[in-house]
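The values are calculated or read from the model by the stated rules, or taken from the named source; none is laboratory data. Predicted model, so just to flag it, every value in this text is computed and none were measured. When the accessible area is computed, the model is the full protein with side chains, heavy atoms only, and any ligands, DNA or RNA have been set aside. Shrake-Rupley method; radii C 1.70, N 1.55, O 1.52, S 1.80 Å.
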Amino acid sequence: MYRFLSVMAAALAMIVTSIGVVSAKECKDEVVIAEGEPFISRTLGAYPSSLFAWRKAAEAKAGAGFQSWRVAEDRKIDCEQITLESGKKRWVCTRSARPCKNALAGAIDGGEKPTFDRILRRGDTGEDVKRLQELLNDLGYELTVDGDYGRGTKNAVRDFQRKNGLSADGNFGPKTAEVLLSKV
């Protein structure tokens with residue numbers, strides 16, 4: 001019994017240490033504030049528009065690798081309904097946060113780019129899927145990092161492919177990997 005508890009304590013210590021290493025991040029002191037475009041829908045238009053506006057502003061102010069909303073500190077989102085000059089009502093969301101660069105982005109800047117040994121498709125699972133999800137999150141997508149290439153991951157890959165002039169099939173192959181790794 002004592003041996004079992006010793007092994008479990010050692011395993012727990014390793015997990016806690018590895019979480020600390022992975023979650024280490026460098027943050028800027030200055031808060032970045034960005035307002036998205038007005039949209040009829042708060043959820044489907046104004047909210048994501050504010051994310052893209054914040055990411056762009058964070059990269060411009062803090063540099064590459066600092067545009068991940070997921071790892072930013074002091075995050076705030078305010079959405080309000082406004083009336084345009086035409087009398088139409090629209091939603092506008094504003095985001096504010098201190099941009100941060102997480103450990104994965106720092107490792108990539110240091111030349112240690114992750115590699116992908118297979119084409120990833122819906123239904124795939126594993127550590128390589130987790131790495132892909134983390135990279136997509138660093139670019140502003142908000143995926144659950146669970147190692148499961150489900151609908152959300154496929155949609156995020158498809159969106160990334162569209163925005164970068166790639167064939168938007170939602171599968172993560174060598175061309176998509178090359179472009180993605182050049183962006184982080």
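Run the numbers for Val31 and Lys89: contour at 0.36 nm per residue of separation, minus the present Cα-Cα distance, in nm. Intermediate values should be presented prior to the final figure.
On the way: separation 58, 0.36 × 58 = 20.88 nm, distance 2.89 nm.
The span from Val31 to Lys89 would gain 18.0 nm if fully extended.
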### Task
Mind checking the per residue accessible area of segment 33-167 for me, 1.4 Å probe, whole number of Å²?
54
### Query
Taking a 1.4 Å probe, which of Asp78, Asp148 shows the most accessible area, and what order do the others take after it?
Asp78, Asp148
#### Entry: Segment Glu127-Asn155, length gained on full extension (0.36 nm per residue, minus Cα span)
8.2 nm
#### Entry: Gain upon complete extension [Arg118, Lys56; 0.36 nm per residue less C-alpha separation]
19.2 nm
### Query
Ignoring ligands, DNA and RNA, how do Lys61, Lys25 rank by accessible area with a 1.4 Å probe, largest first?
Lys61, Lys25
